[in-house]
Amino acid sequence: MATEVFDKQKTIDLRKKYIGPSCKVFFNHDPIKIIRARGQYMYSEKDEQYLDCINNVAHVGHSHPEVVSAGTKQMELLNTNSRFLHDNLVHYAQRLQATLPEKLSVCYFVNSGSEANDLALRLAWQHTGHKDIITLDNAYHGHVSSLIDISPYKFHQLGQTEQSQHVHAPSPDIYRGKFREDHPDPATAYADEVRDIIEKAHAKGHKIAAFIAESLQSCGGQVIPPVGYFQKVAHHVRNVGGVFIADEVQVGFGRVGSHFWAFQLQGDDFVPDIVTMGKPIGNGHPMSCVVTTREVAESFMSSGMEYFNTFGGNPVSCAIGMAVLDVIEKEDLQGNALRVGKYLMELLEKLKEKHPLIGDTRGCGLFVGVDLVKDRLKRTPATAEAQDVIYRLKDQKILLSADGPHRNVLKFKPPMCFSREDADLAVGKIDHILTDFSTIHIH
């Protein structure tokens, strides 16, 4: 049984003393202390059970015995760097590639989503010889210096606008964006915005190295791009010698249900030039990967600089990565995401009919957003109400978060073992909370 070393207040005091103040905790008015977790449940120091609706890192479930065992067994044998030959590295690369289109065939293993996206930019710069990056508004691609520049989600929080040589295109959000669900062809309209950005950049003597996008925007508010958007953007970007980077860090590995990778939602005719993956890849173990084409990899090699990553692709990480793939398959977690996700969306749609505070429900598989609004016609974000929902749910032992540029979108991205019963419980509690709100407003 897990035990705590310090009481909760002492943990808070020590955190304030030794941990950087910009490292925030969830529910900072009354943070939760978690000492163990299993499946889709987390447990506090008082052994209170919380339903985890937000943890897309513990992809196959917290502390999955097969994943833990794979890591432990390999740790007992060997953990070293990839300059020695080891079967785990090549076996895992082969397994991972088998989930992707044939053209995406070369892997670079690294340790976090930020590292993966940083390396993806280096590959793009080296391959194209160009410098400019186009990203989407409200994007988030990581915390290292190169990525903060292309993560409007972060610098908008500081009240900053345009950054360096990078530009951002409108988020292809058909609920809140420039082109909405009533537009006859939002995919083309949003892609044309990217084409215009490219033309303006060229007029100023700039050259586009890459367009980078999360296959589904997470921090941007659970945005599902219209089908065909990526194909059209890729056409414009490749026309000027740039590459397309799909960031699957939040949404890969079967989360969307119908496909293994979220970029595949756009259709079989779309293949990115570079794909980055992270978070769920190791079920909580720090690992990530960049997969690209042979052509891009050869360009990177031609720089003459060796690429070496001390921990990337070590035998323990690869053993864990393979165990995650095994569990996804054995437990049909992609199928579960599809079935439970569809059921969750049905429940939320019914809730929307009942509560005017819900402006939109959107999602694929177990990646779902509930957009709260004060006014359905004006779509005014209900930011305070969303925060209130999150805190009230926490009091009822359900962990959910709110995100998006206005922090008004309730985000479901739970471990993939999330069940219909869990969906019933979470939506039932949200229903009670929203009913309370309407009663308060009436009085």
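The values are calculated or read from the model by the stated rules, or taken from the named source; none is laboratory data. Worth saying up front: this structure is predicted, and the values here are computed from it rather than measured. We place every Cβ from the backbone using ideal geometry, glycine too, and count neighbours over all the protein chains shown. Ligands, DNA and RNA are stripped out before the accessible areas are found, and what is left, the full protein with its side chains, is counted by its heavy atoms. Shrake-Rupley method; radii C 1.70, N 1.55, O 1.52, S 1.80 Å.
The single condition among (1) open to solvent by 30 Å² or more (accessible area, probe 1.4 Å); (2) basic (Lys, Arg); (3) in contact (Cβ under 8 Å) with a residue 24 or more places away in the chain that Lys413 does not satisfy is (1). Take the residues in segment 416-443 that are over 25 Å from His62 (Cβ atoms) and of a type in the set (Asp, Glu), then tell me which one is least open to solvent (accessible area, probe 1.4 Å). Checked segment 416-443; the qualifying residue least open to solvent (accessible area, probe 1.4 Å) is Asp431.
If the condition is being at pLDDT 80 or above, open to solvent by 50 Å² or more (accessible area, probe 1.4 Å) and in a loop (DSSP other than H, G, I, E, B), then segment 142-161 contributes only His143.
Take the residues in segment 427-443 that are hydrophobic (A, V, I, L, M, F, W, C) and under 18 Å from Glu353 (Cβ atoms), then tell me which one is modelled with the lowest pLDDT. The residue in question is Phe437. When segment 232-268 is filtered for residues that are of a type in the set (Val, Ile, Thr) and either on the phi > 0 side of the Ramachandran plot or in a helix (DSSP H, G or I) (or both), the ones remaining, listed by number, are Val233, Val237. When Glu385 is tested against (1) open to solvent by 20 Å² or more (accessible area, probe 1.4 Å); (2) out of contact with any strand residue (DSSP E or B) (no Cβ under 7 Å at 6 or more places or on another chain), just one condition goes unmet, and that condition is (2). Here the condition is being in a helix (DSSP H, G or I) and touching a residue at least 40 places away in the same chain (Cβ under 8 Å); of Glu66, Glu4, Glu76, it holds for Glu66 alone. Hey, does segment 166-187 have a residue that's within 23 Å of the chain's Cα centre (by Cα), assigned to a loop (DSSP other than H, G, I, E, B), in contact (Cβ under 8 Å) with a residue 12 or more places away in the chain and within 20 Å of Val275 (Cα to Cα)? Yes, segment 166-187 contains a residue that is within 23 Å of the chain's Cα centre (by Cα), assigned to a loop (DSSP other than H, G, I, E, B), in contact (Cβ under 8 Å) with a residue 12 or more places away in the chain and within 20 Å of Val275 (Cα to Cα).
Residues that are assigned to a loop (DSSP other than H, G, I, E, B), surrounded by 24 or more Cβ atoms within 10 Å (Cβ to Cβ) and not hydrophobic (A, V, I, L, M, F, W, C) within segment 207-225 comprise Ser215, Ser218, Gly220, Gly221, Gln222, Pro225, listed in sequence order. Inside segment 32-62, residues that are in contact with a helix residue (DSSP H, G or I) (Cβ under 8 Å, 6 or more places away or on another chain) and either more than 27 Å from Gly369 (Cβ to Cβ) or surrounded by fewer than 15 Cβ atoms within 10 Å (Cβ to Cβ) (or both) make up a count of 2. With respect to Lys413, is the statement that it is over 24 Å from the mean Cα position of the chain (by Cα) and among the basic types (Lys, Arg) true? Judged against the criteria, Lys413 is not a match.
Residues that are in the same structural domain as Phe211 (by TED's automatic domain parsing), under 22 Å from Gly113 (Cα atoms) and in a loop (DSSP other than H, G, I, E, B) occur in segment 290-305; there is at least one.
Annotation note: of Ala93, Ala139, Ala98, the sole residue that is at negative phi, among the aliphatic types (A, V, I, L, M) and buried (at least 22 other Cβ atoms within 10 Å of the Cβ) is Ala139. Within segment 166-194, can you find the residues that are under 18 Å from Thr128 (Cα atoms) and not hydrophobic (A, V, I, L, M, F, W, C)? Passing the criteria: only His166.
From the list Glu66, Glu4, the one residue that fits, being at pLDDT below 95, surrounded by 13 or more Cβ atoms within 10 Å (Cβ to Cβ) and touching an Asp or Glu at 6+ places or on another chain (Cβ under 8 Å), is Glu4. Annotation: of all residues in segment 330-377 being in contact with an Asp or Glu (Cβ under 7 Å, 6 or more places away or on another chain) and free of Cβ contacts under 8 Å to residues at least 60 places away in the same chain, the one that is surrounded by the most Cβ atoms within 10 Å (Cβ to Cβ) is Leu372.
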